[in-house]
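Note sheet for the following structure.
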Amino acid sequence: MSQERLQELEDNEAYASYQAELAFQKELNILRNDFYYQMIDSTGISLVDFMYRPLDTLSGDAYSVRKIDEHRTFYLLVDGMGKGVSASLTTITMTAFVNHLIDKMIEYESFSLGILIQEAISFIQPILLEDEVLSIDFIHFNTYFKELEYAKFSMPPFLLQDSDDVIHKVKSNNAPLSKWTEEYKVESINVQSIEKFLFYSDGIVENQIKDSPKETYAKYVEEDFKNSFTKEEFREKFFDKIAKQEDDLSLIFINPLPLNKDNLVAKKEFPTKLTVLEDANLWYEELLSSLELEPKSVIKTSLVFTELMMNAYEHGNLGIDSQKKHIYMESDQYFEKLQELEVDNNKKIGVEVYKLIEPHSTYVVTKICDEGEGFDTQILAQIFRNSKKFNGRGVFVSRKNSMGIYYNSKGNCVLYLTKI
């Protein structure tokens, strides 16, 4: 092969790779997640976790999670027929339209699941090919009335775990959405007794099991869900069992976090002083050791504590944003500015540590709250897509060394989980 031909192929491959990366970034921009690393804190604390792993650059799966108001959330899961560009175009087009419609409904305070479904179907049907079908979940969750309203178009059953650890399956109430769909059902169920939720696409349950080509993960999904307190536990069980990823994977995992005085093991306030942070670290390490964490886990969890305490001190109570921090550091004024801003600063950093003993696992939950103005947690989406950037590095390190970090809606409280 000539050098010119080889260079031509390399150029084509580089261009294709560049275009694929742009397409994936566009796909991520279309997906909407109003709870990105954020807890639901309107009535108690609930954790909303996600797993989105396309098999190829362009995914046939898509999802959206939208906060309608203080008590209402909307969840969308879309699974296009087949794989490749055609399936991806359909799912992304549908998701983009639904998000646009929700934006308008939120703007005019007029959310209606019935109207949303009707308009979405009317929009997508002219786009669908004659033999094309679409699996989709429309889910509206009202935490105030404890009601789940839904329309399922040929998606795997919801799994709902109640307070007695019984798993309830909610099956599809509609056929796959097609160009010819005319009628559909919207139903609702009371979820007062439900403590844990799992919504997922069929890629989860259709994967083959290691060394058992005739078995799929459908055989294990209920038991693994039941025995998993967090999404991370469920994810570990899933990937331990499957041979390899065979399809796009999407899931939404919701579980409450029962933080109360019965499982509170320590509570302490610290002044906004840089010199105090070292004392706080020593106090925390001793506390972790008393809770029977292994030395390696103590080190990792203490690292998270150090990073998030520094964020509460620096960005929270002192109000130093990333731009100001860069300016101070480049001009070699950083520590001088910290001392200057500490003067007459009476704000506190509160720390609460809980120990949750679940049937199949035990967790230490640490909550850190500052008295700053908070921040929009949506910026974390950009931070985690480019972990090499300096801004937000502490949050990235914290996520990598814990079982999950979650901010409150204001952005001035964060909690993280450590599994014992």
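All of the numbers you see were taken from the coordinates with simple rules; none came from a lab. This one's a predicted model, so the numbers in the text were calculated from it and none came from an experiment. Using ideal geometry, Cβ is built from the backbone for each residue, glycine included, and neighbour counts are taken over all protein chains shown.
Apply the Karplus parameterisation 6.51 cos²θ - 1.76 cosθ + 1.60, with θ equal to phi minus 60°, to every residue of segment 357-363 and state each ³J(HN,Hα) to the nearest whole Hz, in sequence, with x for glycine and proline.
Each residue's phi maps through the Karplus curve to give 9, 9, x, 10, 6, 10, 10 Hz.
Placing +1 on the Cβ of each Lys and Arg and -1 on the Cβ of each Asp and Glu in the chain, which of V364, I136, M403 has its Cα farthest towards the positive end of the resulting dipole?
V364
In segment 185-227, whose amide N lies under 13 Å from the spot 7 Å out along Cα-to-Cβ of N142? List them in ranges.
Backbone N within reach: 187-192.
Select from Y407, Y328, Y37 the residue whose mean-square fluctuation is largest in a Gaussian network model of the chain (Cα-Cα springs shorter than 10 Å).
Looking only at Y407, Y328, Y37, the largest GNM fluctuation is found for Y328.
Compute the length gained on full extension between E195 and E278: take 0.36 nm times their separation in residues and subtract their Cα-Cα distance, giving the result in nm to one decimal.
Values: separation 83, 0.36 × 83 = 29.88 nm, distance 3.83 nm.
That works out to 26.0 nm of additional length.
If you take all C-alpha pairs in segment 31-256, what percent of them are over 32 Å apart? Before the final figure, lay out each step's value.
Values: 3783 of 25425 pairs.
Considering segment 31-256, 15 percent of its Cα-Cα pairs are separated by more than 32 Å.
Please work out the C-alpha center-to-center distance from segment 131-169 to segment 266-307 and express it in whole Å.
Computed from Cα coordinates, the inter-centre distance equals 40 Å.
Hey, if you put +1 on the Cβ of every Lys and Arg and -1 on every Asp and Glu Cβ in the chain, which of V298, V98, G374 ends up farthest toward the positive end of that dipole?
Going by the charge dipole, the pick is V298.
If you line up the long axis of helix 231-241 against the longest principal axis of the chain, both from Cα atoms, how many degrees apart are they, to the nearest 10?
60
By how many nm would the segment from D344 to Q323 lengthen if fully extended, with 0.36 nm per residue of separation less the alpha-carbon distance?
Numbers: separation 21, 0.36 × 21 = 7.56 nm, distance 2.33 nm.
Length gained, D344 through Q323: 5.2 nm.
Please list, in order along segment 294-304, the HN-Hα scalar couplings obtained from phi with the Karplus expression 6.51 cos²θ - 1.76 cosθ + 1.60 (θ = phi - 60°), rounded to whole Hz, x for Gly and Pro.
5, x, 5, 5, 4, 5, 5, 5, 5, 5, 4
Using a 10 angstrom cutoff on alpha carbons, build the Gaussian network for the chain and name the most mobile of S212, S172, S135.
Evaluated over the chain, the most mobile residue of the options is S212.
Looking at P256, L177, V221, which one has the Cα that reaches farthest to the positive end of the dipole of segment 123-259 (charges on Cβ: Lys, Arg +1; Asp, Glu -1)?
Value: P256.
Between beta-carbons, use under 12 Å as the cut-off and find the net charge around T43, counting Lys and Arg +1, Asp and Glu -1. Don't skip to the end; give the middle numbers.
Values: positive: R72, K146; negative: D41, E70.
Spelling it out: positives minus negatives among the neighbours equals 0.
Label D376 and Y184 with points 7 Å out from Cα along Cα→Cβ: what is the distance between them in nm?
About 3.1 nm separates the two model spin labels.
If the only charges are +1 at each Lys and Arg Cβ and -1 at each Asp and Glu Cβ, what is the size of the charge dipole of the chain around the Cα centre, to the nearest 20 debye?
With Lys and Arg at +1 and Asp and Glu at -1, about 540 debye.
What is the log10 of I(q)/I(0) for the chain, computed with the Debye formula using one identical point scatterer on each Cα and no solvent, at q = 0.07, 0.10 Å⁻¹?
-0.40, -0.79
Normalised by the residues of segment 22-161, what does the relative contact order come to in percent, with Cα pairs under 8 Å and at least six apart?
On the way: 199 pairs, mean separation 30.8, N = 140.
Reported as a whole number, the value is 22 percent.
Nearest 500 deg cm²/dmol is fine: what mean residue ellipticity at 222 nm does the chain get from its DSSP H runs of n ≥ 4 alone, each adding -39,500 (n - 2.57), divided by its residue count?
-11500 deg cm²/dmol
Mind ordering 97-103, 60-66, 205-211 by average Cβ neighbours within 10 Å, highest first?
On the way: 97-103: 16.7, 60-66: 24.7, 205-211: 15.0.
Sorting 97-103, 60-66, 205-211 by mean packing, highest first, produces 60-66, 97-103, 205-211.
For segment 323-381, just list the percent of Cα-Cα distances falling in each 5 Å bin from zero outward, please.
4, 12, 12, 15, 18, 16, 9, 6, 5, 3, 1
Rounded to two decimals, what is Rg over Rh for segment 273-420 when you use alpha-carbon atoms and the Kirkwood radius? Don't skip to the end; give the middle numbers.
On the way: Rg = 15.7 Å, Rh = 16.1 Å.
We get a ratio of 0.97 for segment 273-420.
Over the chain, what is the relative contact order in percent, taking alpha-carbon pairs closer than 8 angstrom and at least six residues apart? Don't jump to the answer; show the numbers that get you there.
Details: 747 pairs, mean separation 61.7, N = 420.
Relative contact order here is 15 percent.
Rank-order 305-311, 175-181, 247-253 by packing density, defined as the average count of other C-beta atoms within 10 Å over each peptide's residues, highest first. Walk me through the numbers before you get to the answer.
Working: 305-311: 21.3, 175-181: 16.6, 247-253: 24.0.
Output ranking for 305-311, 175-181, 247-253: 247-253, 305-311, 175-181.
Under unit Cβ charges (Lys, Arg +1; Asp, Glu -1), what dipole magnitude, rounded to 20 debye, does segment 31-256 have relative to its Cα centre? Let's see the in-between values first.
On the way: 23 positive and 39 negative charges, 33 e Å.
With only Lys, Arg, Asp and Glu charged at Cβ, the dipole is about 160 debye.
As I understand it, the value is the acute angle between the Cα axis of helix 85-107 and the longest principal axis of the Cα atoms of the chain; what does it come to in degrees, rounded to 10?
Helix 85-107 sits roughly 60 degrees off the main axis of the chain.
Calculate the spin-label point distance for K267 paired with S163, positioning each point 7 Å from the Cα along the beta-carbon direction, and give it in nanometres.
Each label point lies 7 Å from its Cα, and together they span 2.3 nm.
Defining a contact as two alpha carbons under 8 Å apart and six or more residues distant in sequence, what relative contact order in percent does segment 31-256 show? Don't jump to the answer; show the numbers that get you there.
Values: 458 pairs, mean separation 50.3, N = 226.
Here the relative contact order equals 22 percent.
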